[in-house]
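**Q** First the structure, then my questions, so here it is.
The values are calculated or read from the model by the stated rules, or taken from the named source; none is laboratory data. Because the structure is predicted, anything quoted here is derived from the model rather than measured. Cβ placement follows ideal geometry from the backbone for every residue including glycine, while neighbour counts extend to all protein chains displayed. Note: areas computed on protein heavy atoms with side chains; ligands, DNA, RNA excluded. Shrake-Rupley method; radii C 1.70, N 1.55, O 1.52, S 1.80 Å.
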Amino acid sequence: MHPADIRTDLELTVRELSDTYEELSLLYKLLDRFSGMDVDEISEHVVEETLNTLAVKTSALLFTDENNEQLYTKSFRGKWDKNIIITREDKIIWDAIDRKKPIAFCKLSDAGYTDYAYAENSILVCPLVGKAKVLGALILADRISDNEFYSNDIKLITAITSHAALSIEN
């Protein structure tokens, strides 16, 4: 292997390790903070951290109603209507909740969603999966950089929402 290739590989490895360290530090910090917070504080913190960590234009945390038929906004930042009630007609959000798995669209228009109210370009929906049930979903929309949501982003957001849901249930 050529020394320049080894240097490039080493630089990439160091960058990956640094990113992983930052993600783990964030998760540890959030876990520590969640333990002393109420539902409103956890919700605000999740929205703020995800907005800043993934550099998105919109972050909204929604909870299901008692019949699991509608979602209402608990906390948000960005382009969002706090009074909106999301019914089961919204397939993107409810598919993530029903499957208990995140869903991401890089280009909503390519997926057939040309007039989507919550996002202009990209969206990531991650359900809040607790021990007993799905509590709601976190919606992240439109990265500031116009990048797509990558698998490491989805894993990080899934870890954050999982810990938040467990803390809220407790």
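**Q** Of the candidates GLY130, GLY78, GLY36, which one comes out as most mobile in a Gaussian network treatment of the chain with C-alpha springs shorter than 10 Å?
**A** Among GLY130, GLY78, GLY36, the largest mean-square fluctuation in the Gaussian network model of the chain belongs to GLY36.
**Q** Still on this model: So, with +1 on the Cβ of K and R and -1 on the Cβ of D and E, and no other charges, what is the size of the charge dipole of segment 29-85 about its Cα centre, to the nearest 20 debye?
**A** Dipole size: approximately 380 debye.
**Q** Moving on to the next point. Top mean-square fluctuation among ALA159, ALA132, ALA60, Gaussian network model of the chain, C-alpha springs under 10 Å?
**A** Of ALA159, ALA132, ALA60, the most mobile in the Gaussian network model is ALA132.
**Q** Next question, about the same structure. Step through the residues of segment 151-165 one at a time and calculate ³J(HN,Hα) from phi using the Karplus curve (6.51 cos²θ - 1.76 cosθ + 1.60, θ = phi - 60°), rounding each to whole Hz and writing x for Gly and Pro.
**A** 4, 5, 5, 5, 5, 5, 5, 4, 5, 4, 5, 5, 5, 4, 4
**Q** Of the trypsin sites (Lys or Arg not before Pro) in segment 34-86, which ones lie in a loop per DSSP and count no more than 11 other C-beta atoms within 10 Å?
**A** LYS82
**Q** How large are Rg and Dmax for the chain when only the alpha carbon atoms are used, in Å?
**A** Both quantities, over Cα of the chain: 17.2, 62 Å.
**Q** Which value in nm describes the separation of the simple spin-label points at GLU148 and ASN68, placed 7 Å from the Cα toward the beta carbon?
**A** 3.1
**Q** Please calculate the 1.4 Å probe accessible area of CYS106, with all protein chains present, and give it to the nearest 10 Å².
**A** Solvent-accessible area, nearest 10 Å²: 50 Å².
**Q** Okay, moving on. Probe of 1.4 angstrom, ligands and nucleic acids ignored: what's the accessible area per residue over segment 66-170, in square angstrom?
**A** I get 54 Å² per residue for segment 66-170.
**Q** Additional query: With n ≥ 4 as the cut-off for DSSP H runs, can you work out [θ] at 222 nm for the chain, using -39500 (n - 2.57) per run divided by the number of residues, rounded to the nearest 500?
**A** -15000 deg cm²/dmol
**Q** For LYS100, go through the lysines and keep the ones whose alpha-carbon is under 16 Å away, minus same-chain ones fewer than eight residues off.
**A** LYS91, LYS131, LYS133, LYS155
**Q** Given R₀ = 35 Å, what would the calculated FRET efficiency be for SER25 paired with LYS91, taking r from the Cβ atoms and rounding to 0.05?
**A** Here the calculated transfer efficiency is 0.45.
**Q** Based on the Cβ-Cβ distance from LEU10 to GLU44, what FRET efficiency comes out when R0 is 35 Å, to the nearest 0.05?
**A** With a Förster radius of 35 Å, E is 0.30.
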